[in-house]
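Presented below is the structure to which this report refers.
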Amino acid sequence: MSRRAERVAETIRKTVSLMIVSGLNDPRIGFLTVTRVEVSPDLTLAKVFVSVMGSPEKARAALRGLSSARKRIRLAVGKELALRTTPEIAFFTDPGIKQSFKISGILSDLARERAEREGGPTDQESDVEEEDGDDR
């Protein structure tokens, strides 16, 4: 992505985040975070990725709420950008955060199993031992 496209993507991310926090009163849009924005090379399309806390149903409802507010959001983005045309905005859920939690859980389980096989302390026990060692 070019430097210009990166700046446009970051401006869109900030503007959409601000709109979600203060400019939209749609109850379908619950607790969500704009994780990233991908802009096409010609700056005509912006894919906004959001992470939604809650069930898949809440995520779908949040996307419907964002889609219904797309014109207002695009207008706000257009005011922030000094471009001839404002990019079209499309919203998508970002599975990256959920995947990272899943991977983290799997790694923790593997570490715990390994510690149990070797008879060593688990992660939590080793943290306690380190803290005890600092007090001496």
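Using the Cβ-Cβ distance between Glu80 and Ala115 with R0 = 41 Å, the FRET efficiency computed as 1/(1 + (r/R0)^6) comes to roughly 0.20.
For the chain, lysine pairs separated by 8 or more sequence positions, or belonging to different chains, with Cα-Cα distances below 27 Å total 14. Just report the Cα centroid separation between the range 65-81 and the range 1-59, whole Å. Computed from Cα coordinates, the inter-centre distance equals 10 Å.
Where q = 0.16 Å⁻¹, what log10 of I(q)/I(0) comes from the Debye formula for the chain, counting one point per Cα? At q = 0.16 Å⁻¹ the computed log10 ratios are -0.80.
We did not get these values from a lab; they are worked out from the coordinates using the rules stated. Only a predicted model underlies this, so the values are computations on that prediction, with no experimental measurement involved. A quick note on method: Cβ atoms are made from the backbone with ideal geometry, for glycine too, and the neighbour counts reach across all protein chains shown.
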